[in-house]
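Notes follow the structure.
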Amino acid sequence: MTENFFDIVAARFPTDAGTPFIELDSGKRYSYRDLMETSGRYARLLTELGVDKGDRVAVQVEKSAEAVFLYLACLRAGAAYLPLNTAYTRAEVGYFLGDAEPAVFVCTPGNLAGLADTAKGAGVGALLTLGGDGDGSLPERAAGLDPAFDTVACAADDLAAILYTSGTTGRSKGAMMSHRNLSSNAATLHRIWGFRPDDVLLHALPIFHTHGLFVATNCVLMNGSGMLFLSKFDADAVFRLLPRATVMMGVPTFYTRLLADPRLTSEAAAHMRLFISGSAPLLADTHREFEARTGHAILERYGMTETGMLTSNPLDGDRIPGTVGFPLPEVSVRVADEKTGEPVPDGDVGVLEVKGPNVFSGYWRMPEKTAQEIRPGGWFITGDVGRIDGRGYVHIIGRAKDLVISGGFNVYPKEVETVIDAIPGVVESAVIGVPHPDFGEAVMAVVLRRPDGMGGGVDETAVIAACKEQLANFKVPKAVAFVDELPRNAMGKVQKNLLRETCKDRFAG
Ligand code: AMP
């Protein structure tokens, strides 16, 4: 029996193919028939272009219904879907294409001229375009093709997608996700969050990330129901659509923005069944305020690119502010000593390690990195520091790795530091995350200039300009401070905890 994730969800699609699947903010609707036909045509085109089972299809496009159909077409063709953040610069895209060697790369029509040479240099077989309005050479070339397509049979372990995470050493790692990884997680989330046939999901997340793609979209596909699809989070649109939605999934920033709006009331949320939050810590205060204003206790869950979702607060039962809930039914979570890897006594703090059918098989072409992060027994070392309380709720306390999460996006300081350190006149930099009322954390750079007068020309504007040139916007520091010395410990390591403390009020108030 084929275990292609597409076959698993298609078996659950509504019998009435006219059932709405996606409705855009413009009002334009796409049914399950559109899903089947367009994904069939796209899959046929990919196959005609020579895409074989296991080949990568890299995609850097705006959010659209067609982009979802392209994801499904890749699954149907047995290819590995490789979505890229739309904020990535040409240099960053060049790295991903060179590393993943995709058979096909799909970019926006507007980026075609700028990326054609990059794609050619990386040996990409075919370059197509897809615009935010469903325009471009992909839909044009697929338009005349037969929509009937026999989905390629896949085994549970076959590669379904590669999602790149930012690398702590500046090099990104491609997390290889199998069909089993996707289907086990989607089936579990669909069940424990109590999806109903008439649920309508309000989808305002990006779809190049596990949250918007594998959590939100896959749950809807499992449910065979519809979603209201916003190209990005927009409070006006959210308030307009809440009366028609029943479930919303968001990053904490969505909830703080809604809370800042006087339109957030229990009446506005009266039609809603469930608000879910994840990708970054939801402040306990936000949780409490949201409940006081709307009567809804936000359900917080925790997961990561490499594993899909790992824990969730209960649908029925206490959703405890500041916790990420219980391990999912098929997932084992243990707390281990960071150095020895031995489990710590019950209730103690340590690094969270996880195991389950949702956990990825390894990093694309990086066996050493994979071996460093997945123990021989299959336990994946998340890098998150936490504890499990007496009732079994998991608490995330911090991150062993030096990750900053700004507005739900991961930024690895090392990558930003490398850019800043290369600026003439800069001796060294330390990039940290500081509390920010809107983004949760903001990227901030602490910079040491050359003392001999050679560093005089380096100011905040110069640092930000250098970062903007080379890095995606969400990685660019929102503030820069200059110091005469970086604090270091006895081993010569910069003590970022001290910097975080000194800079913690930079965005306060
Ligand atoms: P990503 O791979 O982009 O999904 O980021 C995964 C990381 O986000 C995790 O390793 C955690 O550090 C963090 N994260 C995700 N969900 C939560 C949450 N509910 N609370 C705290 N941190 C979270």
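The values are calculated or read from the model by the stated rules, or taken from the named source; none is laboratory data. Here the structure is a predicted model, which means the values were calculated and not measured. Positions of Cβ are backbone-derived with ideal geometry, glycine not excepted, and every protein chain shown enters the neighbour counts.
Here is how the numbers come out for the structure above:
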| item | result |
| --- | --- |
| Some residue of the stretch 132-145 being exposed (fewer than 15 other Cβ atoms within 10 Å of the Cβ), in contact with a helix residue (DSSP H, G or I) (Cβ under 7 Å, 6 or more places away or on another chain) and over 22 Å from Cys107 (Cβ atoms) | no |
| Listing of strands (runs of 3 or more DSSP E) fully contained in the stretch 251-340 that carry 1 or more residues being in contact (Cβ under 8 Å) with a residue 60 or more places away in the chain, within 30 Å of Lys173 (Cβ to Cβ) and among the hydroxyl-bearing types (Ser, Thr, Tyr) | 299-304, 308-312 |
| Filtered residues of the stretch 438-457 (kept if in a loop (DSSP other than H, G, I, E, B) and under 21 Å from the mean Cα position of the chain (by Cα)) | Asp438, Phe439 |
| Leu310 crowded, with 22+ Cβ neighbours inside 10 Å, within 16 Å of the ligand (Cβ to nearest atom), under 19 Å from Phe380 (Cβ atoms) and hydrophobic (A, V, I, L, M, F, W, C) | yes |
| Elements of type helices (runs of 4 or more DSSP H) in the stretch 1-87, at least 3 residues being over 24 Å from the mean Cα position of the chain (by Cα) and at pLDDT 95 or above | 32-48 |
| Residue within the stretch 435-453 that is among the acidic types (Asp, Glu) and farther than 23 Å from Arg399 by Cα present | yes |
| In the stretch 341-375, the residues that are in a strand (DSSP E or B), in contact (Cβ under 8 Å) with a residue 40 or more places away in the chain and over 24 Å from Asp158 (Cβ atoms) | Val351, Leu352 |
| Residue match in the stretch 179-198 (condition: crowded, with 20+ Cβ neighbours inside 10 Å, at pLDDT below 95 and within 16 Å of the ligand (Cβ to nearest atom)) | no |
| In the stretch 373-398, residue farthest from Gly322 (Cα to Cα) [restricted to those that are away from the ligand (no atom under 13 Å from the Cβ) and surrounded by fewer than 16 Cβ atoms within 10 Å (Cβ to Cβ)] | Pro376 |
| Subset of the stretch 279-303 [modelled with pLDDT under 95 and near the ligand (Cβ under 9 Å from one of its atoms)] | Ser279, Ala280, Pro281, Leu282 |
| Residue within the stretch 474-491 that is outside any loop (DSSP other than H, G, I, E, B), among the aromatic types (Phe, Trp, Tyr) and under 29 Å from the mean Cα position of the chain (by Cα) present | yes |
| Answer from Thr188, Thr151, Thr118 - the residue that is in contact with a Leu (Cβ under 8 Å, 6 or more places away or on another chain) and free of Cβ contacts under 8 Å to residues at least 40 places away in the same chain | Thr118 |
| Cross-chain or 6+ apart pairs with Cβ under 6 Å, the stretch 201-220 first and within 16 Å of Phe5 (Cβ to Cβ), then within 11 Å of the ligand (Cβ to nearest atom) and in a loop (DSSP other than H, G, I, E, B) | Thr210/Thr305 |
| Members of the stretch 399-452 found to be away from the ligand (no atom under 14 Å from the Cβ), surrounded by 21 or more Cβ atoms within 10 Å (Cβ to Cβ) and of a type in the set (Gly, Ala, Ser), listed by number | Ser429, Ala430, Ala442, Ala445 |
| Every pair of residues 6+ apart whose Cβ atoms lie under 9 Å, when the first sits in the stretch 225-240 and is under 19 Å from Ser31 (Cβ atoms) while the second is part of a helix (DSSP H, G or I) and polar (S, T, N, Q) | Met227/Thr217 |
| Residues being closer than 20 Å to Ala87 by Cβ and either at pLDDT below 95 or in contact with a strand residue (DSSP E or B) (Cβ under 8 Å, 6 or more places away or on another chain) (or both) - total across the stretch 456-466 | 2 |
| Residue within the stretch 328-346 that is within 21 Å of Asp199 (Cα to Cα), touching a helix residue (DSSP H, G or I) at 6+ places or on another chain (Cβ under 9 Å), away from the ligand (no atom under 16 Å from the Cβ) and not aromatic (Phe, Trp, Tyr) present | no |
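Listed here are the residues, each with its yes/no results for (1) modelled with pLDDT under 95; (2) closer than 27 Å to Gly398 by Cβ.
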site	(1), (2)
Ile207	no, no
Val220	no, no
Phe239	no, no
Val251	yes, yes
Pro262	no, no
Glu306	no, yes
